[in-house]
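Written out below as structure tokens is the structure these notes cover.
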Amino acid sequence: MKTKVGIIGAGPAGLMLSHLLHLTGIPSIIIESQSREYCEARVRAGLLEQWAADMLIETGAGARMQRECMTHSGIHISFGGALHDIDFLQLVGKQVTIYGQQEIVKDLIAQQLANGTPILFEASNVRLEGINGSHPAIHFTQDGQEQTIECDFIGGCDGFHGICRPTIPANVLTTYEREYPFGWLGILAQARPVADKLIYCSHPNGFALFSMRAPTLVRYYLQCTPNEDLNAWSDQRIWDELETRLGGTRPLERGPLIEKVVAPMRSFVVEPMQYGRLFLAGDSAHIVPSTGAKGMNLAFADARVLSQALSAFYRNGTTNLLEGYSRTCLDRVWKAQRFSWWMTRLFHSLPRETPFDSSCRLAELEHLVQSEAAAKSLAENYAGLSIDIKI
Ligand code: RFL
Ligand code: PHB
């Protein structure tokens with residue numbers, strides 16, 4: 001097979017890259033190790049920055065989102081038994097959109113297949129060749145057959161555990177990493193959301209987040225240990241702990257649990273995000289702790305920058321945007337890292353936190369809800385720093 005851009009991974013980064021390339025007339029092929037059903041059922045992110053929702057709409061991939069999403073003008077913050085409102089619309093004139101990542105994945109897969117972009121699911125033994133030259137190739141096995149795709153460029157969109165990043169010689173990459181001494185226990189449950197917006201709670205027992213997916217579907221998280229044993233958490237214990245951390249600020253409706261998972265918290269960046277003709281995008285190049293809700297948004301931002309650079313290359317042969325790809329992306333990535341780390345540190349209690357540290361955290365939370373300048377900084381980062389989304 002031959003194409004212009006070979007894309008490894010049918011997650012948000014790979015699908016958005018393929019979608020944006022298609023709009024500028026650049027063909028691509030996506031290679032995905034999992035089945036279509038698996039990709040479409042994987043429950044992950046739920047929050048889109050304003051520009052990301054706008055981009056989905058303006059590029060013609062947002063019709064179902066517009067019908068089914070929930071738009072929030074801000075978030076609630078809960079600590080010390082009180083609920084506080086941070087209104088992004090008032091502070092920075094922006095909103096955020098709640099729409100499940102797997103719904104976006106479903107929409108983009110359907111759209112790409114309909115417009116003729118091949119998505120090769122259940123590919124195994126994926127290997128890259130010749131990324132240093134001008135004719136890279138992707139080798140893989142599908143249905144027991146050895147396959148090869150020859151292309152001009154490769155989009156490395158295969159997530160944190162993919163093969164693209166490890167294909168780059170280790171001495172070329174600088175890795176920045178921070179592990180946190182806690183994780184999140186996440187549940188999906190059939191119940192009405194506890195509030196009209198997300199609630200970020202700081203409580204002496206630890207952090208809790210009250211999010212949602214639909215008017216009768218909630219997504220809640222509890223700070224736990226990184227290797228928390230799910231068997232120790234009965235449904236009753238989870239609801240009781242959520243109620244405790246909510247601190248009596250809202251009545252909590254309980255309902256049947258659909259999913260229970262534990263996710264670690266990690267900050268991770270590699271520099272540069274490019275080697276030869278291989279361009280990393282999304283989680284394959286960086287991971288943020290979920291507290292800032294930035295992961296999927298960064299994946300979309302990388303895809304945007306890369307599609308613009310490739311389109312300039314094919315339109316008029318210029319390579320300056322491709323050469324600047326890594327720097328352009330990393331500028332945003334580090335701002336998102338800084339913000340996600342700050343939100344994480346502010347809301348979570350560390351094991352063996354000193355009274356000095358917890359008093360400082362409480363003082364900062366109070367400052368956040370008392371100072372318009374502090375709230376504005378949170379709003380500006382949370383609702384999303386600006387990016388050029390013109391096609
Ligand atoms: P993905 O989604 O991991 O997709 C990578 C795809 O590549 C495939 N793959 C391969 N394909 C071919 N060959 C190989 N060798 C392959 N190896 C892997 C995989 O099967 C997969 O289909 O990466 P991508 O596209 O970069 O997207 C990143 C996002 O998924 C991620 O950043 C977000 O989910 C993070 N995240 C959140 N982000 C937000 O913007 N807002 C949120 O509210 C938010 N909440 C979250 C989150 C992540 C969470 N977890 C589970 C880590 C909440 C949680 C709990
Ligand atoms: C989610 O709805 O899954 C979600 C929302 C906000 C976050 C993290 C996860 O910060």
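Okay, here's what the table says:
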{"read-out": "Selected residue (criterion: most open to solvent (accessible area, probe 1.4 Å)) from residues of segment 153-172 that are farther than 25 Å from F313 by Cα, assigned to a helix (DSSP H, G or I) and modelled with pLDDT of 95 or more", "value": "N171"}
{"read-out": "Test: residue in segment 249-256 that is among the β-branched types (V, I, T), within 16 Å of ligand 2 (Cβ to nearest atom) and either free of Cβ contacts under 8 Å to residues at least 24 places away in the same chain or not in a helix (DSSP H, G or I) (or both)", "value": "no"}
{"read-out": "For Q190: the one exception among (1) under 26 Å from D85 (Cα atoms); (2) open to solvent by 10 Å² or more (accessible area, probe 1.4 Å); (3) within 15 Å of ligand 1 (Cβ to nearest atom)", "value": "(3)"}
{"read-out": "Output for segment 1-27, where each listed residue is polar (S, T, N, Q) and open to solvent by less than 10 Å² (accessible area, probe 1.4 Å)", "value": "S18"}
{"read-out": "Qualifying residue in segment 310-317 (condition: touching a residue at least 12 places away in the same chain (Cβ under 8 Å), in a loop (DSSP other than H, G, I, E, B) and more than 16 Å from ligand 2 (Cβ to nearest atom))", "value": "no"}
{"read-out": "Hits in segment 262-289 - residues which are near ligand 1 (Cβ under 9 Å from one of its atoms) and either in a helix (DSSP H, G or I) or free of Cβ contacts under 8 Å to residues at least 60 places away in the same chain (or both)", "value": "G282, D283, S284, H286, V288"}
{"read-out": "Pair list, Cβ < 6 Å and 6+ apart or interchain, from segment 213-242 residues that are away from ligand 1 (no atom under 16 Å from the Cβ) to residues that are outside any loop (DSSP other than H, G, I, E, B)", "value": "D235/L257; E241/L222"}
{"read-out": "Any hit, segment 107-114, residues being among the charged types (D, E, K, R), touching a residue at least 40 places away in the same chain (Cβ under 8 Å) and either on the phi < 0 side of the Ramachandran plot or within 16 Å of ligand 2 (Cβ to nearest atom) (or both)", "value": "yes"}
{"read-out": "Residue match in segment 290-297 (condition: open to solvent by less than 20 Å² (accessible area, probe 1.4 Å), assigned to a helix (DSSP H, G or I), of a type in the set (S, T, Y) and touching a Lys or Arg at 6+ places or on another chain (Cβ under 8 Å))", "value": "no"}
{"read-out": "Failed condition for L56, given (1) crowded, with 16+ Cβ neighbours inside 10 Å; (2) within 16 Å of ligand 2 (Cβ to nearest atom)", "value": "(2)"}
{"read-out": "Count of segment 64-122 residues which are more than 30 Å from I30 (Cβ to Cβ) and among the aromatic types (F, W, Y)", "value": "2"}
{"read-out": "Flag for R338 being surrounded by fewer than 19 Cβ atoms within 10 Å (Cβ to Cβ), more than 16 Å from the chain's Cα centre (by Cα) and either touching a residue at least 60 places away in the same chain (Cβ under 8 Å) or more than 30 Å from R237 (Cβ to Cβ) (or both)", "value": "no"}
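Here is a yes/no grid of residues against (1) open to solvent by 10 Å² or more (accessible area, probe 1.4 Å); (2) among the basic types (K, R); (3) within 24 Å of the chain's Cα centre (by Cα); (4) at pLDDT 95 or above:
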{"position": "I98", "(1), (2), (3), (4)": "no, no, yes, yes"}
{"position": "I104", "(1), (2), (3), (4)": "no, no, yes, yes"}
{"position": "D107", "(1), (2), (3), (4)": "yes, no, yes, yes"}
{"position": "L113", "(1), (2), (3), (4)": "yes, no, yes, yes"}
{"position": "L120", "(1), (2), (3), (4)": "yes, no, yes, yes"}
{"position": "S124", "(1), (2), (3), (4)": "yes, no, no, yes"}
{"position": "L128", "(1), (2), (3), (4)": "yes, no, no, yes"}
{"position": "H139", "(1), (2), (3), (4)": "yes, no, no, yes"}
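The values are calculated or read from the model by the stated rules, or taken from the named source; none is laboratory data. Because the structure is a prediction, the values reported are computed rather than measured. Glycine gets a Cβ as well: all are built from the backbone with ideal geometry, and neighbour counts include every protein chain shown. Ligands, DNA and RNA are excluded from the accessible area calculation, which covers all protein heavy atoms including side chains. Shrake-Rupley method; radii C 1.70, N 1.55, O 1.52, S 1.80 Å.
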